[in-house]
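Below is one structure, written out as structure tokens; the observations come after it.
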2 protein chains.
Amino acid sequence: VKAFIESTLDRAAYQPVNPKILAELRQILGPDLVHTAPEVLVCHSYDSQDYSAMPEVVLEPTSAQQVSEIVKLANRYKIPITPFAASTGRTGGSVPIFGGIVLSTRRMNRILKVEVENRLAIIQPHVINDHLNQEVAKYGLYFPPDPSSKGVSTVGGNIAECAGGPHCLKYGVTRDYVQGLEVVLPNGEIVDTGPFGTRNYSGSALIGLVTGCEGTLAVITKAYIKLIPLPKVYRTMLVGFDNLTAMARTLTGVFYSGILPAVMEFIDNAAIRCVEAYMHAGLPVEAESLLLIETDGDAISTEIEFNQILDICKNNGATSIQIAETKERRDQLWLARRSLNAAIMRYKPVKIAEDIAVPRGALLKMLEGTKKIAERYRVHVVNYGHAGDGNIHVNIMLENDPDEIKRGEEAIDEIFRLTLQLNGTCSGEHGIGITKRKYCSWEFQGASYTIQLAMRDTFDSNHIMNPGKIFE
Amino acid sequence: VKAFIESTLDRAAYQPVNPKILAELRQILGPDLVHTAPEVLVCHSYDSQDYSAMPEVVLEPTSAQQVSEIVKLANRYKIPITPFAASTGRTGGSVPIFGGIVLSTRRMNRILKVEVENRLAIIQPHVINDHLNQEVAKYGLYFPPDPSSKGVSTVGGNIAECAGGPHCLKYGVTRDYVQGLEVVLPNGEIVDTGPFGTRNYSGSALIGLVTGCEGTLAVITKAYIKLIPLPKVYRTMLVGFDNLTAMARTLTGVFYSGILPAVMEFIDNAAIRCVEAYMHAGLPVEAESLLLIETDGDAISTEIEFNQILDICKNNGATSIQIAETKERRDQLWLARRSLNAAIMRYKPVKIAEDIAVPRGALLKMLEGTKKIAERYRVHVVNYGHAGDGNIHVNIMLENDPDEIKRGEEAIDEIFRLTLQLNGTCSGEHGIGITKRKYCSWEFQGASYTIQLAMRDTFDSNHIMNPGKIFE
């Protein structure tokens, strides 16, 4: 983990958290919720990418009212606030690069209400994604967004990053499940859109701005989450291909067929070998690529669609098909899929992990282009991701060697250029944070950029809310 | 149609469109696309609610570039611009209450591309909703939002108002189908988010702000529309109840059952009688209320869900059930549903039409409360709408009598108060425009209101974009 250079450079723009301010914070929260011990600060200094930065104080408010008072104080003294949930982010959104306050949501972790008839869950921000699903499954309900971190990441964090996941192909991303929010604005005002926030422009504009804003416009203190009926059955297959063209043809076949599968995940050969070495899941290590395909819903239509997809795979050159006939096998395949990020660390010690998305129809061009770029810069690339969405996690794997790292960074620049050429986006589901600011400034230029900076000024004239994120 | 008083009161804040400005507009567009003939102006002075106001000039640009030049000129001279599509709106969004320029989108009416594999349509704003669906149906694809006006209203207008419709219960509202936008900002800059706009925060924030903004933040010049597979079959039933409690129990039963029907439309007795007198659709005129219920999808699961819902209706006190066994009967029932707005005009000459939404679980309380309020103010109320969404069109029907109209307006105020008490919203799917500004100022107060005014200032410091809409 590298220390982020901005944390020392720009901290001068803000007031240090001095003993007087700490005393005021203790008055707001009581002494137990204000932490300055180094071991606590360190635990709030990083997420799951490479840069870290130390906060000056970690706060654990228990209510929107307390958050509001913290924000007002931070405004008065000009102290940066970085909202912090499970810190599983991949782009540095929760890293306090200007020091100041880390505002942990961990004490706001309750499911307040599940309204079965309204298919609505009202929750505090720090409810773990899996926990919400375990609770609402009791009522036959389901919250689909499923980032690989779902066992530990929070729904509030998922909203702040607008997280995706394998099932977002069929069910949409986190944004599609936010019906309303209670937020604390940078001036300390508490706004609650209620459960119908998205039905009315005034609410939907605010929800649209806050979802995915990575804590730069507001702190989420409550969420009204849309739920859908839990699929009754799943059918899962693992399909191998000996060339990318056959895989792309299969994808095209499925999307021309009128089926919308729940999942179409892609894993390339390098990733297959890594995960197989890591956990022996019985993946076909000779395959050039794999598609993990799932259909879900009621028993009959799930089976019909599954069989249609099987035929499409066979007709388009699949070289192997494994069907998960038991729950255990399905769980094992999913564990393999969710372990990819950890598994590929075996490949090389340094990883530059990116998260691009291109229109499905451009996926083959993107994968072939990535290969050529890697060859040109003499680096290794491992690709996997949500093929159905065109959302690929491109990982450049490197030795810990300055020259190789430099070539890796140049290769990544090329990969982003190709992404934009193909009408894609630099950020499929991991947010922008600090690590993608540069690429987003390529993607969004002119008015679309300046208007957002102006909007941020409108919300937060003192720039106290998670400064340094999203925009360069 | 009443003339809107603001059109004369506040026009002084803007520059009149004088001959010099007309000459400049003719230079931008050529003479054929600049209209000042009274018969053209009149045609662009109203939508489908009660207030009208005359524009000074009607422009018909053919490209984003022309729109940009118009907007720049309007900024230079301080002339209001009201974007105008099919003007089927219900809240006055396209009525030019401050005069100035009406910017008609009618010459930007092409479907630019349908990308089957990407399930994407790229369109100009003035494509008619039904035309888009006819075109994409050729590829087995579907754009679900279906306002009653879909035969004449445009997709650009649907986006500007974030239109809903009966099928939005299962499929979501217009916002859920906007993947990207090209817009002209109030300073004349053209921003194109591309087809992946919603996957990246920078794009999604802009799309979220523009969708539903009723032309107050930008002019939509191109849209990237998400499509889904066209359902293969439909099954439709018309279910009668002799009391609202049984109907509410049936709704609850369906939502507890884990089924998500495509459509659950509600019609009350007064509306049934009106539409029956209007078109003799064979509705049961004795019923206290009707639910028009539809399931859709593949043949087998559609039938299974249909039969489950039939059982739920029977077990919860339905007094009559008609099943549409032919396409003709289904079409007739839908024609009846879509004719309600016109049909109820037979009831009384003056109608105050509102569009509230409450959580499904509060629907019975809302309908009973509405009845009591109508009794208290001695007015007649006709209710219909999207019961599955809790979205009810409350229509107060009045004689053309000042005292009765005053009582009607007081009753509407009460109905909105009840809506907010029940955690509902003042605008389910018709936007805010001019007719709901007052009620939205009740719903959104304090920071949520001021921040939006500030955001509008950020976009449009000269207040040229559709002034007087949404905010009082």
The lone exception for A:Gly151 - which of (1) small (Gly, Ala, Ser); (2) open to solvent by 20 Å² or more (accessible area, probe 1.4 Å); (3) farther than 20 Å from A:Gln134 by Cβ it fails: (3)
Condition check for A:Ile309: more than 27 Å from the chain's Cα centre (by Cα), surrounded by 23 or more Cβ atoms within 10 Å (Cβ to Cβ) and within 29 Å of B:Lys138 (Cα to Cα): yes
Failed item, numbered, when A:Tyr234 is tested on (1) within 10 Å of chain B (Cβ to nearest Cβ); (2) more than 22 Å from the chain's Cα centre (by Cα): (1)
Residue in the range A:53-65 that is open to solvent by 10 Å² or more (accessible area, probe 1.4 Å) and farther than 20 Å from A:Ile190 by Cα present: yes
Of all residues making up the range A:244-273, the number that are more than 30 Å from B:Tyr139 (Cα to Cα) and crowded, with 23+ Cβ neighbours inside 10 Å: 3
Test result for B:Tyr201, more than 8 Å from chain A (Cβ to nearest Cβ), aromatic (Phe, Trp, Tyr) and farther than 28 Å from B:Asn341 by Cα: no
Residue match in the range A:332-347 (condition: in contact with a strand residue (DSSP E or B) (Cβ under 9 Å, 6 or more places away or on another chain), away from chain B (no Cβ under 14 Å), open to solvent by less than 20 Å² (accessible area, probe 1.4 Å) and over 30 Å from A:Gly92 (Cα atoms)): no
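What about A:Glu214, is it facing chain B (nearest Cβ under 8 Å), buried (at least 24 other Cβ atoms within 10 Å of the Cβ) and under 30 Å from A:Lys348 (Cβ atoms)?
Details: facing chain B (nearest Cβ under 8 Å): yes; buried (at least 24 other Cβ atoms within 10 Å of the Cβ): yes; under 30 Å from A:Lys348 (Cβ atoms): yes.
Spelling it out, A:Glu214 is indeed facing chain B (nearest Cβ under 8 Å), buried (at least 24 other Cβ atoms within 10 Å of the Cβ) and under 30 Å from A:Lys348 (Cβ atoms).
For B:Val239, are the conditions met, namely being at the interface with another protein chain (Cβ under 10 Å from one of its Cβ atoms) and open to solvent by less than 20 Å² (accessible area, probe 1.4 Å)?
Considered against the rule, which asks whether it is at the interface with another protein chain (Cβ under 10 Å from one of its Cβ atoms) and open to solvent by less than 20 Å² (accessible area, probe 1.4 Å), B:Val239 comes out as no.
For A:Arg76, are the conditions met, namely being surrounded by fewer than 20 Cβ atoms within 10 Å (Cβ to Cβ) and part of a loop (DSSP other than H, G, I, E, B)? Steps first, please.
Values: surrounded by fewer than 20 Cβ atoms within 10 Å (Cβ to Cβ): yes; part of a loop (DSSP other than H, G, I, E, B): no.
For A:Arg76, the condition - surrounded by fewer than 20 Cβ atoms within 10 Å (Cβ to Cβ) and part of a loop (DSSP other than H, G, I, E, B) - is not met.
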Residue selected from the range B:353-381 under the condition open to solvent by 30 Å² or more (accessible area, probe 1.4 Å) and of a type in the set (A, V, I, L, M, F, W, C), by the criterion farthest from B:Val152 (Cα to Cα): B:Leu364
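Residues checked against (1) open to solvent by 10 Å² or more (accessible area, probe 1.4 Å); (2) at positive phi; (3) at pLDDT 95 or above:
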residue: A:Asp50; (1), (2), (3): yes, no, no
residue: A:Ser68; (1), (2), (3): no, no, yes
residue: A:Ala85; (1), (2), (3): yes, no, yes
residue: A:Val95; (1), (2), (3): no, no, yes
residue: A:Leu103; (1), (2), (3): no, no, yes
residue: A:Arg110; (1), (2), (3): yes, no, yes
residue: A:Ile122; (1), (2), (3): yes, no, yes
Per-region count, the range B:430-440, residues open to solvent by 30 Å² or more (accessible area, probe 1.4 Å) and either part of a helix (DSSP H, G or I) or at the interface with chain A (Cβ under 9 Å from one of its Cβ atoms) (or both): 1
Sole exception among (1) within 14 Å of another protein chain (Cβ to nearest Cβ); (2) over 21 Å from A:Asp298 (Cα atoms); (3) surrounded by fewer than 22 Cβ atoms within 10 Å (Cβ to Cβ) for B:Ile304, by number: (2)
Residue within the range A:190-198 that is closer than 26 Å to B:Tyr177 by Cα, at the interface with chain B (Cβ under 7 Å from one of its Cβ atoms) and modelled with pLDDT of 95 or more present: no
Qualifying residue in the range B:161-184 (condition: over 30 Å from B:Glu368 (Cβ atoms), assigned to a helix (DSSP H, G or I), more than 9 Å from every other protein chain (Cβ to nearest Cβ) and among the polar types (S, T, N, Q)): yes
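The values are calculated or read from the model by the stated rules, or taken from the named source; none is laboratory data. Just so we're clear, the structure is a prediction, and the values are computed from it rather than from any experiment. Using ideal geometry, Cβ is built from the backbone for each residue, glycine included, and neighbour counts are taken over all protein chains shown. Side chains are part of the model used for accessible areas, which takes the heavy atoms of the whole protein and leaves out ligands, DNA and RNA. Shrake-Rupley method; radii C 1.70, N 1.55, O 1.52, S 1.80 Å.
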